[in-house]
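Have a look at the structure below, then the notes.
The values are calculated or read from the model by the stated rules, or taken from the named source; none is laboratory data. Keep in mind that what you see is a predicted model, and the values were worked out from it rather than measured. In this analysis, Cβ positions are derived from the backbone assuming ideal geometry, glycine residues included, and neighbour counts consider all displayed protein chains. Note: areas computed on protein heavy atoms with side chains; ligands, DNA, RNA excluded. Shrake-Rupley method; radii C 1.70, N 1.55, O 1.52, S 1.80 Å.
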Amino acid sequence: MAGKKLNLLADFPAVSTEEWMAKITADLKGVPFEKKLIWRTDEGFNVNPFYRQEDVKGMATLDSAPGKFPFVRGTKECNEWLVRQNICVDCPKEANAKALDVLNKGVNSLGFCLGKDDLKAETIETLLNGICPECVELNFNICPCSSEELINLLVAYFKKNNVNLEKVHGSVNCDPMKNMLVKGRKPSREKMTTHIAAAVKAAECMPEFRVVAVNSVALNHAGAFCAQELGYALAWGAEYMTLMTEAGIKSVRAGRAIKFNMGIGGNYFMEIAKFRAARMLWAMIVKAYEPECDCACKMKIHAETTKFNKTIYDAHVNLLRSETEAMSAAIAGVDSMTVNPFDITYKKSDDFSERIARNQQLLLKEESHFDKVTDVAGGSYYIENLTQSIAKEAWRRFLEIQAAGGMYEMIVNGKVVEDIKATQVKRMDNVSKRKEVLLGTNQFPNFNEMAAEKIEPQTCGCKCGCNDKKSELEALPMKRAAEQFEALRLETEKSGKRPKAFMLTIGNLAMRLARAQFSCNFLACAGYQVIDNLGFETVEDGVAAARKAGADIIVLCSSDDEYAELAPACKKAIGDGKEIFIVAGAPACMDDLKTQGIENFIHVKCNVLETLKAFNKQLL
């Protein structure tokens with residue numbers, strides 16, 4: 001055996017698609033393949049259970065190379081990305097000290113959040129003291145109307161310190177349409193054009209500095225799906241391209257002025273495909289403006305882990321979520337990345353959580369070597385098909401937006417907010433029914449965790465004076481998927497009373513254990529104390545034990561066949577007691593049991609949130 005040479009082609013002969021389908025059809029035993037195994041995504045297209053070489057035949061993306069138009073495989077020939085940490089500048093000296101510290105800990109991209117009061121030469125000098133602008137990417141977030149002034153201050157500082165302006169790389173986040181969506185502002189197109197054109201012209205001496213931003217990350221934080229975020233991001237960028245070229249800015253300069261700040265959701269493979277599709281479609285859009293060089297068609301992407309799926313309870317699970325999100329972006333070849341700290345949902349992040357967030361990216365580089373291979377997903381039958389499907393759906397959305405007058409008109413008319421709100425409602429509903437699982441929140445909660453005391457009041461942190469002006473448009477609702485469950489559990493915590501749910505396990509051993517486990521997880525999502533048991537001989541013994549334990553809820557856990565007899569007997573044993581009586585499961589006799597006054601059943605088809613809200617209303 002040791003001397004036998006393995007011949008994969010001989011030992012494992014090729015199997016045709018027809019043979020695979022015949023085997024699958026036989027195993028399904030009459031169940032339609034399309035209904036059982038084809039997945040209809042929230043993006044609006046179907047995903048097959050398997051893909052083969054013929055499924056990528058003729059795809060144009062397979063003929064492209066990293067660093068080459070249309071850049072589906074990346075805008076560069078390597079997979080190096082920058083690790084960014086954002087710093088809110090409350091005190092320039094302290095912000096500078098923090099920046100210098102994190103630069104020694106693996107960060108090579110800084111994001112400074114400034115306010116109008118920070119627009120002083122001395123503030124910039126203090127903030128950037130000891131930082132090499134030619135070696136570190138410098139990014140600044142400030143109100144769009146102050147972008148030109150900030151750029152002028154930066155240029156003056158760089159010239160004063162003999163910095164080579166052609167080697168300075170970074171960005172200023174001039175994005176009036178983000179303020180429309182997030183803050184409800186309503187600038188005129190003329191005013192918007194004035195701010196953007198002024199910023200671009202002020203930065204002409206810094207060719208590697210991007211001063212116009214597309215912040216579709218805001219849509220991602222609000223729950224947007226991949227193709228939805230991408231469709232709007234493309235229309236957003238096209239609006240700015242049109243504004244700039246109409247203002248007399250050459251298309252090559254306009255294309256090189258835009259930076260995309262996009263979110264990274266939790267749908268691992270879909271997110272990889274999203275960024276690949278984004279580069280390809282953006283290259284096609286910019287090409288339509290006939291730039292002098294294809295370099296203008298390169299999409300500059302900064303990616304940020306989403307806040308939508310992050311939780312307060314069991315918050316360390318956020319580390320797992322953000323790590324898989326970071327993996328998606330790294331494999332997809334983004335230019336820079338921010339991993340939000342795991343505790344961002346309930347407090348101002350501290351040194352520990354910020355260090356862990358940095359190290360999540362550094363682990364991908366230093367230990368997992370994600371930066372060593374460019375477009376490792378290229379050629380994957382599955383991801384190539386996802387890329388094409390997302391591109392097709394995002395392009396459809398883009399064309400619809402353009403036909404409706406463009407991104408600016410869609411925001412003014414409230415259509416963007418309306419669309420994102422509808423998606424948000426759908427996703428929140430899916431969470432409430434466990435169709436979308438948030439581990440530790442709506443499934444498998446940490447039974448005894450208390451969170452009320454760790455939550456700190458949080459401010460906007462953007463230093464934009466967002467409360468100084470009255471909103472003129474409806475803003476995006478920035479809700480996380482877990483918020484409704486968290487509110488429910490916090491209500492239990494703050495009530496001063498923690499209801500007890502007692503598992504009355506009886507009958508079939510396997511079924512009673514399974515249903516007790518299901519019920520414990522179900523009721524612990526509201527913060528109730530759950531009391532499990534090995535089993536009782538009679539329901540009377542179980543009810544007596546429940547009352548001795550001071551139970552507020554008694555859950556009958558048995559098999560469907562036994563419920564017809566056990567459930568009425570249990571209800572009779574409870575009698576006029578104040579305990580809520582629940583049957584775990586949805587037995588065939590459920591309607592008959594309901595006619596006998598048994599009202600509460602918990603099972604996999606329940607709306608978990610609404611059921612628990614009803615219990616809270618009775619118990620608290």
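Just for segment 154-178: of the residues that are assigned to a helix (DSSP H, G or I) and closer than 26 Å to residue 472 by Cα, which one is most open to solvent (accessible area, probe 1.4 Å)? Only one residue tops the list, namely 178. Would you confirm, using the coordinates I've provided, whether residue 471 is in contact with a Cys (Cβ under 9 Å, 6 or more places away or on another chain) and of a type in the set (S, T, N, Q)? It is false that residue 471 is in contact with a Cys (Cβ under 9 Å, 6 or more places away or on another chain) and of a type in the set (S, T, N, Q).
Here is a yes/no grid of residues against (1) over 19 Å from the mean Cα position of the chain (by Cα); (2) over 30 Å from residue 64 (Cα atoms):
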| site | (1), (2) |
| --- | --- |
| 243 | yes, yes |
| 246 | yes, yes |
| 250 | yes, no |
| 260 | no, no |
| 282 | yes, no |
| 298 | yes, no |
| 341 | no, yes |
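Do we have any residue at all in segment 323-337 that's part of a loop (DSSP other than H, G, I, E, B) and farther than 24 Å from residue 136 by Cα? Within segment 323-337, none of the residues are part of a loop (DSSP other than H, G, I, E, B) and farther than 24 Å from residue 136 by Cα.
Among the residues of segment 234-245, some residue qualifies, meaning at least one is open to solvent by 30 Å² or more (accessible area, probe 1.4 Å) and of a type in the set (Val, Ile, Thr).
Residue-by-condition table, conditions (1) within 19 Å of residue 537 (Cβ to Cβ); (2) part of a loop (DSSP other than H, G, I, E, B); (3) touching a residue at least 24 places away in the same chain (Cβ under 8 Å):
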{"site": "572", "(1), (2), (3)": "yes, no, no"}
{"site": "576", "(1), (2), (3)": "no, yes, no"}
{"site": "594", "(1), (2), (3)": "no, no, no"}
{"site": "597", "(1), (2), (3)": "no, yes, yes"}
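Taken over segment 100-119, the criterion of being surrounded by 15 or more Cβ atoms within 10 Å (Cβ to Cβ) and in a loop (DSSP other than H, G, I, E, B) is satisfied by 106, 107, 108, 114, 115, 119.
One residue alone among 501, 514, 482, 510 is modelled with pLDDT of 95 or more, under 29 Å from residue 561 (Cα atoms) and crowded, with 18+ Cβ neighbours inside 10 Å, and that residue is 501.
Residues of segment 293-337 that are charged (D, E, K, R), open to solvent by 20 Å² or more (accessible area, probe 1.4 Å), out of contact with any Phe, Trp or Tyr (no Cβ under 7 Å at 6 or more places or on another chain) and more than 19 Å from residue 363 (Cα to Cα): 307, 314. Considering segment 338-442, there are no qualifying helices (runs of 4 or more DSSP H) wholly inside with 2 or more residues that are in contact with a strand residue (DSSP E or B) (Cβ under 7 Å, 6 or more places away or on another chain), more than 30 Å from residue 606 (Cα to Cα) and open to solvent by 40 Å² or more (accessible area, probe 1.4 Å).
Only residues that are in a loop (DSSP other than H, G, I, E, B), closer than 15 Å to residue 264 by Cβ and not aliphatic (A, V, I, L, M) were counted in segment 185-243, giving 4. Checking each residue in segment 599-620 for being touching a residue at least 60 places away in the same chain (Cβ under 8 Å), open to solvent by less than 80 Å² (accessible area, probe 1.4 Å), of a type outside the set (Val, Ile, Thr) and not in a loop (DSSP other than H, G, I, E, B) picks out 609, 612, 615, 616, 619. In segment 305-322, the condition of being in a strand (DSSP E or B), under 14 Å from the mean Cα position of the chain (by Cα) and under 29 Å from residue 480 (Cβ atoms) is met by at least one residue.
Of the residues in segment 136-153, at least one is of a type in the set (Asp, Glu), crowded, with 16+ Cβ neighbours inside 10 Å and assigned to a strand (DSSP E or B).
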